[in-house]
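Taking it in order: structure first as structure tokens, then the write-up.
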Amino acid sequence: MGTTGPLAGITVVALEQAVSAPMCTRTLGDFGARVIKVENPEGGDFARHYDDVVGGLGAHFVWANRGKESVALDLKTPAGMTALHRLLDRADVLVSNLAPGATAKLGISPADLAVSHPELIAVEIDGYGAGGPLSHKRAYDLLVQAESGACATTGRPGAPAKAGPPIADVCSGLYAALSVMALLHERARGRSDGPAAVAVSLFDTMTELMGYSLTYTRHTGIDQEPVGMGSPAVAPYGAYATADGHTVVLGTTKDREWQRLARELLDLADDARFATNSGRVEHRSALDAEIGAWCARHDLAHVQDSADSAGIGNARLNSPSDVLAHPQLTARDRWRRVDTPGGSVPALLPPAVLSGYEPPMGAIPALGEHTAAVLAELGISDEGEVL
């Protein structure tokens, strides 16, 4: 593999904004692809300006856009479209998540590209997928979490909540990147040629992530109520205050684990109410009271050490500030420095660790930073003249 990455030599053009498509292309870039981000000269990707906490750039933008080249093109002009088509002539993949119908208006929908650029893999990420009553609607992470039922499974009864991370956006981007890799692999094996298109919707992604809940409800007719820091499917599985003011999270997923916890720590092994998971779920309140009372008598270290000794899964409830200094990240050297227009900042390595490969962790681009260089590659002058 060397140091160039498994996707070295692959060029991805991105017409993207916010999180879903940028996470797709950042993932492809993490594996060595060249990512050329085409932005509107008037402000660019609007995630650049959600806030200005990273040297004048938005935190979302810095997170999702490392290692990309920013090319500012006005796609409402013939010169801008000429440059885009020249880019696509040399590209392997186009990823977009523009408003519904936007690529068709520009003449670069997957159907258009099948004619004009038949070797290109065309990826479109949208809100609800084509062919349905909601297909025309704009979709943001919160809206799709609500529409898919995810918010109703989070929080507490009567107080639904959005998952903190933008899971609809991120997971849609990852599904899109996985699809691109599958199609590139197929082409590399000589098993496919001609047009290839990928369509990923945030709603389809979230209904997939809702797989357990939807399956349970289909076969029982019951909408399970959310249980906050826990799961309606298993017990004990939740958060408990400790004597020193921390919160420990304890969980068992098998009856055998419960027996170890009950016998070694709680003296509840002979309580028939808790013998099976279904019984523990039914008597969750009583069980949580017993575990909560035990945790309240001990500090966090004692609770975690005791749980570890009994082979019981446990964690500390951390804040983002705690995680920034987390010893697991430090010990495993998970932080790198990434350049931004406002200076160098720390960034986490991507989750996948490939033997012998160090992800590039390239700079966050300023708007239009690479326009002149990329246009020169395409034989276009700074004034837009085709050479």
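The values are calculated or read from the model by the stated rules, or taken from the named source; none is laboratory data. Please read all numbers here as calculations on a predicted model, not as lab measurements. Note that we place each Cβ from the backbone using ideal geometry, even for glycine, and neighbour counts take in every protein chain shown. Surface accessibility is based on the protein's heavy atoms, side chains included, excluding ligands, DNA and RNA. Shrake-Rupley method; radii C 1.70, N 1.55, O 1.52, S 1.80 Å.
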Helix 167-188 versus the longest principal axis of the chain: what is the Cα-based angle in degrees, 0 to 90, to the nearest 10?
60 degrees
Set the bar at 24 Å for Cα to Cα. Now go through Lys37/Lys105; Lys68/Lys162; Lys105/Lys137; Lys37/Lys76 and name every pair that lies beyond it.
Lys68/Lys162
Using only alpha carbon pairs under 8 Å that are at least six residues apart, calculate the relative contact order of segment 99-188 and give it in whole percent.
22 percent
Which angle between 0 and 90 degrees, to the nearest 10, do you get for helix 78-90 versus the longest principal axis of the chain when only C-alpha atoms count?
70 degrees
If we sort 334-347, 224-237, 160-173 on the protection proxy, mean other Cβ atoms within 10 Å, highest first, what's the order?
160-173, 224-237, 334-347
Between segment 117-135 and segment 228-295, how far is it from one alpha carbon centroid to the other, in angstrom?
45 Å
Heavy atoms only, probe 1.4 angstrom, no DNA, RNA or ligands counted: give me Ser135, Ser285 ranked by accessible area, highest first.
Ser285, Ser135
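Which order do peptides 55-63, 274-282 fall in by mean Cβ count within 10 Å, highest first? Kindly include the intermediate steps, with their values, before the conclusion.
Details: 55-63: 18.6, 274-282: 16.9.
The most tightly packed comes first, giving 55-63, 274-282.
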Looking at the calculated P(r) for segment 1-71, what percent of the C-alpha pair distances fall above 20 Å?
28 percent
Show that you can apply the helix-only estimate: for the chain, add -39,500 (n - 2.57) for every DSSP H stretch of four or more residues, divide by all residues, and state [θ] at 222 nm to the nearest 500.
-10500 deg cm²/dmol
Where the Cα atoms of segment 295-340 are projected onto their three principal axes, how long is each span, largest first, in whole Å?
48, 20, 12
Express the accessible area of segment 120-250 per residue in Å², computed with a 1.4 Å probe while the remaining protein chains stay in the model.
52 Å²
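How much space per residue, in cubic angstrom, does the convex hull of the C-alpha atoms of the chain take up?
181 Å³
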In segment 83-157 the accessible area split gives carbon plus sulfur, as whole percent at 1.4 Å, a share of 56 percent
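Between the DSSP loop rule and a limit of at most 15 other Cβ atoms within 10 Å, which GluC sites (Glu not before Pro) in segment 1-68 are left?
Answer by residue number: Glu42.
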Taking the square root of 5 times each eigenvalue of the Cα gyration tensor, what semi-axes in Å does the equivalent ellipsoid of segment 14-135 have, largest first?
23, 17, 15
Charges at C-beta only: +1 for Lys and Arg, -1 for Asp and Glu. How large is the resulting dipole of the chain about its Cα centre, in Debye rounded to 20?
480 debye
What is the pair-distance distribution P(r) of segment 115-190, computed from all Cα-Cα distances in 10 Å bins starting at 0, with each bin given as a whole percent?
16, 34, 29, 15, 5, 1
If you stretched the chain out fully between Thr77 and Arg156, how much longer would it get, using 0.36 nm times the residue separation minus the C-alpha to C-alpha distance?
23.3 nm
Helix 20-30 versus the longest principal axis of the chain: what angle, 0 to 90°, nearest 10, using Cα atoms?
80 degrees
With each label point set 7 Å from Cα along the Cα-Cβ vector, what nm distance links Met229 and Asp267?
2.6 nm
Compute the distance in nm between two label points, each set 7 Å from the Cα along the Cα-to-Cβ direction, one at His283 and one at Arg297.
1.9 nm
Using the basic label-point model (7 angstrom from Cα toward the beta carbon), what is the Leu329 to Ala111 distance in nanometres?
4.6 nm
